[in-house]
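Just passing along the structure, written as structure tokens.
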Amino acid sequence: MGYFRMASLLLLAAAASVGGATLETLLDENGKPYRYAGRLDAGPVRIPVSYQPKAGELRGVWIATVENIDFGTHADAASFQQDFRKILNALAGKNFNAVFFQIRPNNDAFYPSRLNPWSRWLTGQEGKRIPGFDPLKFMIEETRRRGMEFHAWLNPYRVIGKTKLSKRAYLATLAPENFARRHPGLVLEAPLSGGQRLLFLDPGRPEVIRHVIATVSEIARNYDIDAIHFDDYFYPYSDFGNIDAATFQQYNPRKLSLADWRRANVTRLVSGVHEELAAVSRRKGRKIRFGISPFGIWANRKSHPEGSLTAGKQSYFAQFADTRGWVRNRYVDYIAPQIYWPFGHEVAAYAALADWWAEQVRGTGVALYIGTGVYQLGRGKIWQNPNEIVHQLRYNTKHPEIDGTIFFSCRSVLNPSNAVMREGLERVFRNCWSRSASAVPMQKVYPRFR
């Protein structure tokens with residue numbers, strides 16, 4: 001008997017009713033219950049027997065432009081418009097209701113800006129625009145025409161994710177108006193393997209914080225977006241040593257520890273963006289949301305008493321991103337943790353993380369969307385079950401706090417790269433998202449601007 005047929009037949013029928021949902025025990029390919037938190041908790045995973053869509057649930061997809069992952073370069077407006085419409089039509093046909101388009105991948109812009117140069121990922125050359133065309137205005141109009149939300153996705157700090165050039169040599173390749181080229185002293189250089197390096201704006205410098213907030217303000221004031229969206233890149237994932245030692249000495253009046261100071265720097269940016277968007281929202285008379293999609297693990301319980309039942313990399317310690325604190329202080333309107341692991345993961349099991357995040361937002365008024373790594377399907381031994389994403393969506397319905405899902409990324413959704421991915425996504429659209437769902441406007445849910 002094939003693996004997937006056997007796994008399906010071996011789902012335990014013993015059912016219980018919890019919160020109105022009938023649950024069953026989820027079994028692996030060997031007929032054994034999935035362990036709730038991998039090797040950290042062997043209790044069984046209990047999952048609703050069917051997917052019950054929620055009114056107003058968000059069904060989103062990330063469209064990554066960095067390195068043209070999901071969207072290629074274009075020499076003219078007509079080809080850009082044709083390709084974007086094609087993507088939107090395909091997504092609408094699969095009942096998505098929100099797109100998260102990366103408009104600032106590398107300290108640049110997919111829109112006319114006084115602060116940032118045109119992106120190289122738009123036309124192939126930084127600073128070169130498509131004459132007479134505003135891509136962002138067009139994308140918002142087309143997205144709204146299909147009844148979908150448009151979330152403007154920005155990376156706040158990244159200048160380049162990987163290069164073998166020295167900092168000086170790489171900055172010389174940027175457009176003259178690029179903030180990083182104009183202010184090389186505000187750019188940090190983190191070593192990577194293979195003689196490569198990562199360049200990013202120094203989060204501890206007040207000038208950087210002001211520049212990013214001004215960038216957000218420019219977008220919010222000029223465009224009718226639904227939200228500003230940050231991804232998970234704050235301080236680098238890799239060990240970058242003491243490259244910010246000079247900034248630490250100069251800009252640490254409270255004499256914080258290095259780790260606390262770095263976390264305070266990122267939080268200062270996040271709270272500043274929150275305040276700026278609240279001010280723009282008041283002036284415009286409509287709520288512009290602010291959302292962040294962090295790494296899926298805030299902290300492991302072994303490292304922090306409030307952490308999750310996990311044993312992986314921790315954004316609180318590795319990237320100095322206090323995502324839990326941002327939720328508790330309501331600096332964000334939604335949080336979208338990237339839980340890019342399956343139920344069967346040994347140290348970052350899906351069930352334990354989904355439960356932990358639901359607990360963090362409970363009672364805060366912050367919406368929770370789960371970032372789902374559909375690109376993983378079929379790529380490793382623990383990702384061979386085409387029902388994995390369907391099971392995750394079913395599990396999410398246990399929690400009233402989980403308001404939707406965002407898939408990474410668009411190319412995997414529209415052009416699956418292997419048979420498991422293709423079948424897994426077809427099962428999502430056939431069994432879970434066969435009917436449309438209009439996302440509830442946030443101003444109706446939280447009418448008071450904060």
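The list (i) 67, 54, 51; (ii) 63, 47, 42; (iii) 65, 52, 48 gives values of Cα extents along the principal axes in Å, and only one came from this structure; which label was calculated from it?
Computed from the coordinates, Cα extents along the principal axes in Å corresponds to (iii).
Something else: Report, to the nearest whole %, how much of the accessible area of the stretch 18-68 belongs to carbon and sulfur atoms, 1.4 Å probe, protein only.
48 percent
Now for a separate question. Per 0.36 nm of contour for each residue apart, how much would the distance between Gln82 and Gln52 grow if the chain were fully extended, relative to their Cα-Cα spacing?
That works out to 7.3 nm of additional length.
Size of the dipole of the stretch 179-244 about the Cα centre, Lys and Arg at +1 and Asp and Glu at -1 on the beta carbon, nothing else charged, in debye to 20?
Using only the charged Cβ atoms, the result is roughly 320 debye.
A further question follows. Could I have the simple spin-label model distance between Arg145 and Arg435, label points 7 Å from Cα toward Cβ, reported in nm to one decimal?
Placing both labels 7 Å beyond Cα along the Cβ direction yields 2.8 nm.
Using DSSP to call loops (not H, G, I, E or B), can you name the trypsin sites (Lys or Arg not before Pro) in the stretch 121-171 whose Cβ has at most 13 other Cβ atoms within 10 angstrom?
Of the trypsin sites (Lys or Arg not before Pro), the ones in loops of the stretch 121-171 whose Cβ has at most 13 other Cβ atoms within 10 Å are Lys164.
Now, a different point. For labels at Glu275 and Glu67 in the simple 7 Å Cα→Cβ model, what's the distance in nm?
Calculated label separation equals 3.7 nm.
For the stretch 331-420, with only Lys/Arg (+1) and Asp/Glu (-1) charged at the beta-carbon, what is the dipole magnitude about the Cα centre, in debye rounded to 20?
320 debye
Using θ = phi - 60° and the Karplus relation 6.51 cos²θ - 1.76 cosθ + 1.60, list the HN-Hα couplings for the stretch 147-162 in order, rounded to whole Hz, with x at every Gly or Pro.
x, 10, 7, 10, 9, 7, 8, 10, 9, x, 10, 5, 9, 7, x, 6
While we're here: Helix-only estimate, please: 222 nm mean residue ellipticity of the chain, summing -39500 (n - 2.57) across DSSP H runs of length 4 or more and dividing by its residues, to the nearest 500.
-9500 deg cm²/dmol
Could you tell me the distance between the Cα centroids of the stretch 132-211 and the stretch 265-287, to the nearest Å?
When both Cα centres are located, 20 Å separates them.
Still on this structure, I have one more. Using only alpha carbon pairs under 8 Å that are at least six residues apart, calculate the relative contact order of the stretch 274-415 and give it in whole percent.
20 percent
Right, next: So which trypsin sites (Lys or Arg not before Pro) in the stretch 392-437 are both in a DSSP loop and have at most 12 other Cβ atoms within 10 Å of their Cβ?
Arg435
Averaging sequence separations of C-alpha pairs under 8 Å and six or more residues apart, then dividing by the length of the stretch 99-224, give the relative contact order as a whole percent.
Across the stretch 99-224, relative contact order equals 25 percent.
Label-point separation (nm) for Phe133 and Arg283, each offset 7 Å from Cα along Cα-to-Cβ?
Distance between label points: 3.0 nm.
Report, in whole Å, the centroid distance computed from the Cα atoms of the stretch 394-415 and the stretch 59-75.
Here the two parts' Cα centres lie 19 Å apart.
A further question follows. Multiply the residue gap between Thr173 and Gln250 by 0.36 nm, knock off their C-alpha separation, and tell me the result in nm, one decimal place.
24.8 nm
Please report, as a whole percent, how much of the solvent-accessible surface of the stretch 270-329 comes from carbon and sulfur atoms (probe radius 1.4 Å).
Ligands and nucleic acids excluded, carbon and sulfur give 44 percent.
Out of residues 5 or more away from Gly404 or on other chains, whose amide H comes under 5 Å of its own, with H placed 1.01 Å from N in the peptide plane?
Distant-sequence amide H within range of Gly404: Leu58, Ile370.
Considering only protein heavy atoms, what per residue accessible area in square angstrom results for the stretch 88-184 with a 1.4 angstrom probe?
Normalised by residue count, the accessible surface of the stretch 88-184 is 37 Å².
Students often get this wrong, so check it: of Lys86/Lys398; Lys94/Lys302; Lys162/Lys313; Lys94/Lys162, which have C-alpha atoms separated by over 29 Å?
In this structure, Lys86/Lys398; Lys94/Lys302; Lys94/Lys162 exceed 29 Å between Cα atoms.
Rounded to the nearest 20 Debye, what is the dipole magnitude of the stretch 128-188 about its Cα centre when Lys and Arg each give +1 and Asp and Glu each give -1 at the C-beta?
Approximately 360 debye in magnitude.
I need the trypsin sites (Lys or Arg not before Pro) found in the stretch 337-381, filtered to DSSP loop residues with at most 15 other beta carbons within 10 Å of theirs.
Those satisfying the criteria are Arg362, Arg379.
Between Asn329 and Ala259, what is 0.36 nm times their sequence separation minus the Cα-Cα distance? Round to one decimal in nm.
Gain in length upon complete extension: 23.2 nm.
The values are calculated or read from the model by the stated rules, or taken from the named source; none is laboratory data. All values derive from a computational prediction rather than experimental measurement. Note that we place each Cβ from the backbone using ideal geometry, even for glycine, and neighbour counts take in every protein chain shown. We work out accessible area using only protein heavy atoms, side chains counted, and drop any ligands, DNA or RNA first. Shrake-Rupley method; radii C 1.70, N 1.55, O 1.52, S 1.80 Å.
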